[in-house]
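Written out below as structure tokens is the structure these notes cover.
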Amino acid sequence: MTVGILGGGQLGRMLALAGYPLGLRFRVFDTYVEAPAGEMAELVVGKSFDDREALARFAAGLSLITYEFENVPVDAARFLAASVPVFPPPEALEASQDRLTEKTFFRELDIPTPKFSAVDSRESLDAALETLGTLAVVKTRRLGYDGKGQLIIQQATDVQAAWNTLQGQALILESFVPFDREVSLLSVRGRDGETAFYPLVENYHHSGILRRSIAPAPATPPALQAQAEEYGKRVLEALDYVGVLAIEFFQQDGRLLANEMAPRVHNSGHWTIEGAETSQFENHLRAVLGLPLGSTAPRGHAVMLNLIGTVPESAAVLKAGDTHLHLYAKEPRPGRKLGHITLRDDDRDAVQTQANALEKLL
Ligand code: AMP
């Protein structure tokens, strides 16, 4: 059985690694000849994700298609779905590709979000700032990731600069949330509607890029986990979703505000490879294949550290305790995710201490 993956980045690579024990084969589609998953699977290179000729070649003989990249054009996913089953459903791409559509979708499901307003002119930006307050974040509606395509407005004098940088693109203004912390929920839904949720993860970003995840998120009352799962369930069911879905929240005064979702496996779930009974990658594959889901229970406590821009000496990392090094075989470049390290321990404080020491070394 060959599974097709749209997108050949590290997520595709880790999906393939999780799928080999299940006897699966993989074929990945990317626009980049050196896509990291290309070392693990047959790679079909298209001129773009809209390249119908290459997509048709990619789809030939596949049992099903999934994605590891949420900016796959919805039309391309629908084109493929006409000949091969595609999971998660293309509607999930549609709901998550545009920040305005996404926040509106959360609102329709009664899931709280930061206040937001569409911006399509300098006048509408001023009007939105008037309504939401000056401390705000202006973001491109589409194709932003890892903090790209967004600027914080702290005072009136920032407005023109933000406008000069981002004008010409469809924008959204959001109120800046002085959150207590950021958490994410990784959920999974099978083809038969069975759902499972991993414990909430606490995430630290720097310059918009995830640096560290702690799982399970410390100091999480059962009611907060239950609230997150309830929101997750609404999204999964509204989309008749199949696969792993990640939702990122801001936690403020015990409340969760949804910031965004990703219809795929997620960086804040990498800890599950060693830190949970079943990894997010295996559970995604089980879900899309129509197999029973695996347990999402944590195995003790885990901290995941992203390797951004440079890669440390492997030996130095591996002697630092119960550490697991994952390198994505990518060319180093500033700001690029090149790998991650997961530390695991039965003791929460011990794993944090080890992670802090390792972070200093990095
Ligand atoms: P995003 O691309 O929306 O995930 O934003 C990247 C990061 O920027 C988030 O993880 C937050 O750390 C920060 N951020 C984004 N939007 C807001 C907001 N409305 N209020 C406060 N921080 C934000």
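The values are calculated or read from the model by the stated rules, or taken from the named source; none is laboratory data. The structure displayed is predicted, hence computed values, not measured ones. So basically every Cβ, Gly included, is an ideal-geometry build from the backbone, and we count neighbours across all protein chains shown. To get the accessible areas, we keep the full protein, side chains included, count just its heavy atoms, and leave off ligands, DNA and RNA. Shrake-Rupley method; radii C 1.70, N 1.55, O 1.52, S 1.80 Å.
Descriptive notes on the structure:
- The alpha-carbon of LYS360 sits under 16 angstrom from the alpha-carbons of these lysines, leaving out residues fewer than 8 places away in its chain: LYS319.
- Sequence-distant lysines (8 or more away, or on other chains) whose Cα lies within less than 17 Å of LYS115: LYS103, LYS139
- Anisotropy class of the stretch 122-186 from Cα gyration tensor, a/c 1.5 cut: oblate
- FRET efficiency for the pair ASP192 and GLU130, taken as 1/(1 + (r/R0)^6) with r the Cβ-Cβ distance and R0 = 56 Å, rounds to 0.70.
- Placing a label point 7 Å from the Cα of ARG142 along the Cα-to-Cβ line, the residues of the stretch 62-95 whose backbone N sits under 13 Å from it are 71-76, 94-95.
- For the chain, the fraction of C-alpha pairs more than 40 angstrom apart is 11%.
- Within-14-Å neighbourhood charge of GLU274 [Cβ basis; K, R +1; D, E -1]: -3
- In order along the stretch 59-65, the phi-based Karplus estimate (6.51 cos²θ - 1.76 cosθ + 1.60, θ = phi - 60°) of 3J(HN,Hα) comes to 6, 4, x, 6, 7, 7, 10 Hz; Gly and Pro are listed as x.
- Estimated at 0.36 nm per residue, the fully extended path between LYS47 and MET1 surpasses their Cα-Cα distance by 13.9 nm.
- Dmax and Rg, reported as Rg then Dmax, of the stretch 45-122 (C-alpha, Å): 15.6, 50
- Direction-averaged projected area, Cα convex hull, the stretch 208-362: 10.1 nm², rounded to one decimal.
- Peptides 292-299, 69-76 ranked from most to least packed by the mean count of surrounding Cβ atoms within 10 Å: 69-76, 292-299.
- With every protein chain in place, the stretch 41-191: carbon and sulfur % of accessible area (1.4 Å): 51 percent
- For the stretch 75-206, the convex hull spanned by the alpha carbon atoms encloses 145 Å³ per residue.
- Here the spin labels are modelled as points 7 Å beyond Cα on the Cα-Cβ line, and at ASP346 and GLU331 they lie 4.7 nm apart.
- In this calculation the C-beta distance from ARG57 to VAL311 is compared with R0 = 35 Å, giving a FRET efficiency of 0.55.
- Extension gain from ALA170 to ASP322, taking 0.36 nm per residue of separation minus the Cα-Cα distance: 50.1 nm
- Other residues with beta-carbon under 12 Å from the beta-carbon of PHE69 carry, at +1 per Lys or Arg and -1 per Asp or Glu, a net charge of -2.
- Subtracting the Cα-Cα distance of ALA219 and THR157 from 0.36 nm times their residue separation leaves 18.4 nm of extension gain.
- Rg/Rh (Cα only; Kirkwood hydrodynamic radius) as it applies to the stretch 267-312: 1.08
- By accessible area, using a 1.4 Å probe on protein heavy atoms only, the stretch 233-362 has 46% of its surface on carbon and sulfur.
- Where labels lie 7 Å past Cα in the beta-carbon direction, separation of ARG25 and GLU359 in nm: 4.4 nm
- Alpha-carbon centroid distance for the pair the stretch 33-81 / the stretch 230-288, whole angstrom: 23 Å
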